[in-house]
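This report refers to the structure that appears directly beneath it.
Laboratory data are not the source of any read-out in this text; all were calculated from the coordinates shown. Values in this document were obtained by computation on a predicted structure and should not be read as measured data.
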């Protein structure tokens, strides 16, 4: 049975996955109040991608229904009342109804069960996903003119997928679609498809850059 709880909601132009670790700087008064609530009640909060509205100064922002519940790993209150925090994604949830009783948004949510990361994936399959991700990372490094080397990425599927979704440079709406999919097999299949497509696009750009640079040198 899925658990139903009431949590603060932080709408952002960001998609967070379970296992992700992110740093946030809290400066708006309403979210400072939210931090105080979380500290006093020893609770985390939900991060949702913004569906309509603005990230800063918009009291009528509408979030997507599926987000990720995060818990604090570190929290620092600065002398002027701002906060620097580090949080980690724990579980996905679905908003049942929004609550507008405070300066910041709250919601009654249903906590969703995270897919089992080890089901139906062999060691060879996990190594293949790792290779696809490494190829993508190296192609991005090449476009930026960074040094390309053998980068170590996780082999265990959960941190591999989480790390991949963090470094993958695609529109947030595409990441949101993956977050909302509760089938790990489908999530990984989509992830691989995007990696292959984006790596191919990057390689075409790299080939054009190489030819352009070669022409200039000649």
Angle between the chain longest axis and helix 184-217 axis [Cα atoms, degrees, rounded to 10]: 50 degrees
Could you tell me how many degrees, from 0 to 90 and to the nearest 10, lie between the Cα long axis of helix 123-144 and the main elongation axis, the longest principal axis, of the Cα atoms of the chain? 80 degrees
Taking every pair of alpha-carbon atoms in the stretch 4-111, what share in percent sits in each 5 Å bin, from 0 to the bin with the longest distance? 2, 13, 25, 28, 22, 8, 1, 0
Calculated on alpha-carbon atoms, Rg and Dmax of the chain in Å: 19.9, 68
What do you get for the angle between helix 29-41 and the principal long axis of the chain? Use alpha-carbon atoms, 0 to 90 degrees, nearest ten. 70 degrees
Candidates 63, 18, 79, ranked by Gaussian network fluctuation over the chain, Cα under 10 Å, top entry: 79
Given the rule -39500 (n - 2.57) for each run of at least 4 DSSP H residues, summed and divided by the residues of the chain, what is its mean residue ellipticity at 222 nm, to the nearest 500 deg cm²/dmol? -14000 deg cm²/dmol
